[in-house]
Structures are given as C-alpha cells and as structure tokens.
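The values are calculated or read from the model by the stated rules, or taken from the named source; none is laboratory data. Just so it is clear, the structure is predicted and the values come from calculations on it, not from any experiment. We place every Cβ from the backbone using ideal geometry, glycine too, and count neighbours over all the protein chains shown. These area figures cover heavy atoms from the full protein model, side chains too; ligands, DNA and RNA do not enter into them. Shrake-Rupley method; radii C 1.70, N 1.55, O 1.52, S 1.80 Å.
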Amino acid sequence: MLQFRPIEYQLKKLKSELNDELSRILNYWIKNTPDNEYGGFLGRIDGEDNVVPGSPKGSVLNARILWSFSAAYTLNKNPDYLHYAERAYQYITNYFIDKKYGGVYWTIDYKGNPLDTKKQVYATAFTIYGLSEYYRASGNEDAKTAAINLYNLLVERSYDATRTGYLEAFTREWGPITDLRLSAKDANEKKTMNTHLHVLEAYANLYRIWPDDGLKAQIITLLCNFLDHFINPETWHLNLFFDEDWNSRSALISYGHDIEAAWLLQEAAEIIKHEPLIERLKGVSIKIAKATLSGLDSDGGLWYEYEPADNHLVKEKHWWVQAEVIVGFYNTWQINGDDKFLELAEKTWEFVKNNIIDPKKGEWVWGIEENGNIMSNEDKAGIWKCPYHNSRACIEIVKR
C-alpha cells in the first residue's frame, strides 16, 4: 500500500475536501438561484433561504456568477457549469451592459430594466474578469471582444493619466458623481484599494487571453500603485481610501482585504511574467500574511476589521474573509515553506466546515457574530453574497 508522508496526506485531504465543496457550492446556485420567470439569476435569497421576490439584480453578483461557473468548468469540464456560465453571459450581455454609454449598470430591476445606472468601476472590472474567464471556458470570441472593449473604456474614462490610478465612480454618462461609494460603510473617496485590487485582478485575467503590451503596462502601474500607496511599509496592512492626489484618508484595517491582496498581487506579476516584480511581491506577500495574523482568532477564524483610532476590533467572521485566508496562507507556505502557514490554512478550513458552511441548505452563511451566532439577517445570495470568494478558494487550492 502506498505510504504518504504526513504533509502529502494533508495536501491530498485538503484538495479532496475543497474539490467536493466546490461541487456543493455550485450545486446550491444551480438548484436555488436561476430566475425561471424573468431570466438570469434571482436578485436575493435571505439568510433563512427565502427568495425575496422583486429584488434588484446586481452587476457584481452576476459577473461573479459568470466567473465562478466558467472557472469551475475550466477546472473539471462539468458541462452543467458551462451551461450556467452561458446563462450568466447572455443575461449580462442583454441587460447589464449599457449599449448607449458603455460600461455596466450597478443594478437592474427584477425584470431586467436599468435601476441604478451609475458606473462603478468596480462593477465594470468584475465584468471584464467574468467575460475573460468565460472566453477561457468557451472560446466565445464575442465575450473576449466585450472584455477588451470594457478595458479600453476604463482606461479612457477612469484612468488618472496625471497621477495614475483609477477614479472610483461616475454617472451613467461617465460624468462626475457626488456619491462614489461602493456601499454605505465605505468612505466617499476618489480612489480605493478595493476597486484597484479588482481592476488589477480583472486586467490580469484579461491578459491571459489577450497579452497586449498596453494592458501589461497598466498591470505594472497598478502593482506599483500598491507598492507605492496602498501597502503601508510600516505595518504591512493596506491603506484603503485615498483622495485624487494619493493622500490617505483612512487608517482602517481590513484583514480580509490584506490577505486577499497578498496572493492576488503576486499572481498578477506571475501572469505577466515580470520577474523583478514577482520576487519583490513574494517578499511583500509574506509580510502582509504575517501582519494578518494579528486578526486571527484562536479558532482559526479571521476577524473582520480593526479601527486604530478608537481601538475598535470588529470580531465578526465573514464568509469571504475566511475563503481568502485559506488561499493567502497556503500561498505563503508555497513561498517560504513554513509549515505553520499550511497548518493555519487548514485550521481556517476547519473553522469554515464547523461554522460557515450551511450543512442543511448548502452554500456558506454570511458569517458569525462575535458571540458565535450565525448572522442570519444577512443574505445567502444577493448584491454582495455570491459564489466567487468561496468557489475561487476551492479552485485555487485544487489547482495548487
């Protein structure tokens, strides 16, 4: 009988469990979320697994659905996944992309009519990300063309050619807008780490299918934005909000974004094969991962955020944060070979299995309160609750 060293057994077990979990996550979305009356996918399912009729449909949710099913199909060639990726692609193309002014609407109503028509750069970035992955899965040239067109639009309308970086949001016609925020909890600032991280992620995925020199230059500039502005070289946490001139406007620490950035920055450098940046970002990734340890609870769960100004630690443990921890710590182990980080990734996965996965109804709950109770007043599927972070974590570990 074949004998495995303990670490080989650990890796085989982790891969098997996350591969199975990927199937469970996507089966939930297949079973529960298609909108069979109005097309596409339902806008919202609440924390008790009740469909909320008439809910708006979000561009970010639909782009992430497109990415998740496309990436899962690329991984294991399950034809059902390609079918639902196609469903998401057609719906985004028909209803979310603004045929007159370009970009994507933030939300549409449940029948597919434009609702909130602002142009949030974050949403357009995720649409590029999803379209690029769908092309990788399907070979659909129209999807590739649409992704390139959206990229060109962002460079034309949002890129700050003087100071670099991307401005956060615009009106439908791409004019100035007073409320730039992604959500009510965000600071109303012109440049944000979160949007830049996912513009970078989208551009890197587009580069996989379209290795354009101008796109590569944009990716390099974005990586330099992180090195020069977003990453705090004293704390190795990420600065989240800036004005147009790169003046920091917040000291808030978001542990989930820290550990997510730790591996996404390195991945982008690897995709464009920029060796100096790859080596530099490997070292940066380790430092960010070590800084993230300050937000890690003894049970393996990562807390949500910390506000230094009033020494306030939010001890909620959100689903997406845990997904990023698994990949981020695994990636750290791959870089430095320190088994501590592999063990931490496994411990967070155990936390997820025991606390975040819904064993009866499927998918992952939004999160856990400080007292250990499920955050049942938050969505199971919705504008922000999607199959992207958790399916991506599963896919990354299986691939790695």
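Structure values in brief
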| item | result |
| --- | --- |
| Output for the range 111-133, where each listed residue is over 29 Å from N78 (Cα atoms), outside any helix (DSSP H, G or I) and in contact with a strand residue (DSSP E or B) (Cβ under 9 Å, 6 or more places away or on another chain) | P114, L115, D116, T117, K118, K119, Q120 |
| Every residue from the range 7-26 that is open to solvent by 80 Å² or more (accessible area, probe 1.4 Å) and not basic (K, R) | Y9 |
| Among the candidates K315, K290, K347, K273, residue that is over 19 Å from the mean Cα position of the chain (by Cα) and at positive phi | K273 |
| When residues of the range 304-319 are limited to those that are surrounded by fewer than 21 Cβ atoms within 10 Å (Cβ to Cβ) and of a type in the set (F, W, Y), the one farthest from F351 (Cα to Cα) | Y306 |
| Qualifying residue in the range 134-141 (condition: in a loop (DSSP other than H, G, I, E, B), surrounded by fewer than 21 Cβ atoms within 10 Å (Cβ to Cβ) and modelled with pLDDT of 95 or more) | yes |
| The range 267-277, residues that are part of a helix (DSSP H, G or I), open to solvent by 10 Å² or more (accessible area, probe 1.4 Å) and in contact (Cβ under 8 Å) with a residue 12 or more places away in the chain | E267, I271, L277 |
| Filter result (in a loop (DSSP other than H, G, I, E, B), open to solvent by 30 Å² or more (accessible area, probe 1.4 Å) and farther than 26 Å from D116 by Cβ) within the range 359-400 | P359, K360, K361, E369, E370, N371, G372, N373, S376, R400 |
| Of the criteria (1) open to solvent by less than 30 Å² (accessible area, probe 1.4 Å); (2) modelled with pLDDT of 95 or more; (3) aliphatic (A, V, I, L, M), which one A251 fails | (1) |
| The listed residue being free of Cβ contacts under 8 Å to residues at least 40 places away in the same chain and out of contact with any Asp or Glu (no Cβ under 7 Å at 6 or more places or on another chain), out of K77, K15 | K77 |
| Residue in the range 68-81 that is more than 30 Å from S16 (Cβ to Cβ) and either of a type in the set (S, T, N, Q) or out of contact with any helix residue (DSSP H, G or I) (no Cβ under 8 Å at 6 or more places or on another chain) (or both) present | no |
| Selected residue [within 18 Å of E350 (Cα to Cα) and either touching a Pro at 6+ places or on another chain (Cβ under 9 Å) or not in a helix (DSSP H, G or I) (or both)] from G300, G256 | G300 |
| Residue match in the range 207-219 (condition: touching a helix residue (DSSP H, G or I) at 6+ places or on another chain (Cβ under 7 Å), over 20 Å from R280 (Cβ atoms) and open to solvent by 30 Å² or more (accessible area, probe 1.4 Å)) | yes |
| Given (1) at pLDDT below 95; (2) open to solvent by 40 Å² or more (accessible area, probe 1.4 Å); (3) not basic (K, R), number of the condition S183 does not satisfy | (2) |
| Residue match in the range 56-64 (condition: assigned to a helix (DSSP H, G or I), within 15 Å of S391 (Cβ to Cβ), open to solvent by less than 10 Å² (accessible area, probe 1.4 Å) and of a type outside the set (A, V, I, L, M)) | yes |
| The range 67-94: number of residues that are surrounded by 22 or more Cβ atoms within 10 Å (Cβ to Cβ) and farther than 14 Å from L42 by Cα | 10 |
| Unique residue being touching a strand residue (DSSP E or B) at 6+ places or on another chain (Cβ under 9 Å) and of a type in the set (S, T, N, Q) when the list is N373, N331, N355, N311 | N355 |
| Residue match in the range 229-240 (condition: surrounded by fewer than 23 Cβ atoms within 10 Å (Cβ to Cβ), assigned to a helix (DSSP H, G or I) and not small (G, A, S)) | yes |
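Table: residues versus (1) open to solvent by 40 Å² or more (accessible area, probe 1.4 Å); (2) in contact with a helix residue (DSSP H, G or I) (Cβ under 6 Å, 6 or more places away or on another chain); (3) at pLDDT 95 or above; (4) not small (G, A, S).
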residue: R5; (1), (2), (3), (4): yes, no, no, yes
residue: T33; (1), (2), (3), (4): no, no, yes, yes
residue: G40; (1), (2), (3), (4): no, yes, yes, no
residue: G47; (1), (2), (3), (4): no, no, yes, no
